[in-house]
1. Scan region 1-31 residue by residue and report those that are basic (Lys, Arg) and within 16 Å of the ligand (Cβ to nearest atom).
2. Residues of region 33-73 being assigned to a loop (DSSP other than H, G, I, E, B) and surrounded by fewer than 18 Cβ atoms within 10 Å (Cβ to Cβ), which ones?
3. Which members of region 50-82 meet the condition of being over 17 Å from the mean Cα position of the chain (by Cα) and within 16 Å of the ligand (Cβ to nearest atom)?
4. Has region 169-177 got at least one residue that is surrounded by fewer than 12 Cβ atoms within 10 Å (Cβ to Cβ) and either among the polar types (S, T, N, Q) or modelled with pLDDT of 85 or more (or both)?
5. Can you tell me how many residues within region 179-229 are exposed (fewer than 14 other Cβ atoms within 10 Å of the Cβ), touching a residue at least 60 places away in the same chain (Cβ under 8 Å) and closer than 23 Å to Ala112 by Cα?
6. Hey, can you tell me all the residues within region 1-15 that are assigned to a helix (DSSP H, G or I) and either in contact with a helix residue (DSSP H, G or I) (Cβ under 6 Å, 6 or more places away or on another chain) or surrounded by fewer than 17 Cβ atoms within 10 Å (Cβ to Cβ) (or both)?
7. Kindly provide the set of residues from region 140-174 that are among the polar types (S, T, N, Q) and in a helix (DSSP H, G or I), ordered by number.
8. Quick one: which of Gly76, Gly92 is modelled with pLDDT under 90 and surrounded by fewer than 16 Cβ atoms within 10 Å (Cβ to Cβ)?
Amino acid sequence: MRKILVLEDEDNIRSFVVINLKRAGYDTIEAASGEEALEQLKKNPDIKVALLDIMLPDIDGFEVCRRIRASNSQIGIIMLTARTQEMDKVTGLMTGADDYVTKPFSPAELTARVDALYRRTGGEVPAQDSGEISQPPFLLNTRNRTLEKNGQRIKLTQVEYAVVQLFMDNPGKALSREEILDAVWGRDYFGEVKIVDVNVRRLRIKIEDDPQNPTYITTVWGYGYKWGF
Ligand code: CA
C-alpha cells in the first residue's frame, strides 16, 4: 500500500494536497486535527509518509511529530510550513521530521518531495497515472513518459523527460537551478548544479525551433529557467 497521511485543518489546502497525491498514485488518509491524525496512524500502521501542518486547532504539528516519533522511527515525516513562520524556529523544532515544504507549494514540488521521502523510507514510487499534459505544440504523455512536438515524437532520456515534466507542471514560473536539481535528481544528489545547465542545453537542441534563440525554455539570468510561452 502507498498510504500517506495528510494532516491539515484548512479544507481547501488539504483537498489540494490530496487531489495531487491521488493523481500521483498515492492512497491518502485525511486528518483535520492532531488527535485525529494520531488516531488514523493507530488505525493504519501501514502509512509510510505523513504530511503535518503546524498550526492546528488542538495540538500543534511539532507535538504530533514528537508523539509519532516516540513510537515510530520508520515513517517519513514532512512538515507543511507557512512562509511567515521563522525558519530557524521551524528547523529547530523539527528534529523528528525528515523534510519540510513551504506553503504555497506547486503540485510538482510536493509530489517530488513525497516521492523522494517515500523512496528513502523503503517504499516503491508509484507510476504517474495522470495521463497527458497538453501545451501546444507540446504533448506530454505521463503514462508512457513521452513527449511530442506537433505530433512528432521527440526522443528524450529519462532525466530530460523529468526536466520537461517539471517545466510543464510549472508553466510560466521561474524555477531556480537548485529547485530543478532537487526535483529531478533528488535531494540526495550531491553533484553540481551545472548538470541542470547541461541537460537544458541538450533539451533546447531537441525541442526549440532555434536552439540559439530559445523561446520555450528561457533563461532567467542569475537564477534558473522558465517554461515560457
Ligand atoms: Ca493550519
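1. Residues of region 1-31 that are basic (Lys, Arg), as a first pass: 2-3, 14, 22-23.
The one that is basic (Lys, Arg) and within 16 Å of the ligand (Cβ to nearest atom): Arg14.
2. Applying the first criterion (assigned to a loop (DSSP other than H, G, I, E, B)) to region 33-73 yields 33, 44-48, 54-60, 72-73.
Ser33, Asn44, Pro45, Asp46, Met55, Pro57, Asp58, Ile59, Asp60, Asn72, Ser73 - these are the residues of region 33-73 that are assigned to a loop (DSSP other than H, G, I, E, B) and surrounded by fewer than 18 Cβ atoms within 10 Å (Cβ to Cβ).
3. Ile54, Met55, Leu56, Pro57, Asp58, Ile59, Asp60, Gly61, Phe62, Glu63, Val64, Cys65
4. Filtering region 169-177 for residues surrounded by fewer than 12 Cβ atoms within 10 Å (Cβ to Cβ) gives 172.
Add one more test, that the residue is either among the polar types (S, T, N, Q) or modelled with pLDDT of 85 or more (or both), and what stays is 172.
Yes, that holds for at least one residue.
5. 1
6. Of region 1-15, the ones assigned to a helix (DSSP H, G or I) are 11-15.
Of everything in region 1-15, those that are assigned to a helix (DSSP H, G or I) and either in contact with a helix residue (DSSP H, G or I) (Cβ under 6 Å, 6 or more places away or on another chain) or surrounded by fewer than 17 Cβ atoms within 10 Å (Cβ to Cβ) (or both) turn out to be Asp11, Asn12, Ile13, Ser15.
7. Going through region 140-174, the residues among the polar types (S, T, N, Q) turn out to be 141-142, 144, 146, 150, 152, 157-158, 165, 170.
Selection gives Gln158, Gln165.
8. Numbers: Gly76 fails: surrounded by fewer than 16 Cβ atoms within 10 Å (Cβ to Cβ).
Sole residue among the options that is modelled with pLDDT under 90 and surrounded by fewer than 16 Cβ atoms within 10 Å (Cβ to Cβ): Gly92.
The values are calculated or read from the model by the stated rules, or taken from the named source; none is laboratory data. The structure displayed is predicted, hence computed values, not measured ones. Methodologically, a virtual Cβ is constructed for each residue, glycine included, from the backbone with ideal geometry; neighbour enumeration extends over all protein chains shown.
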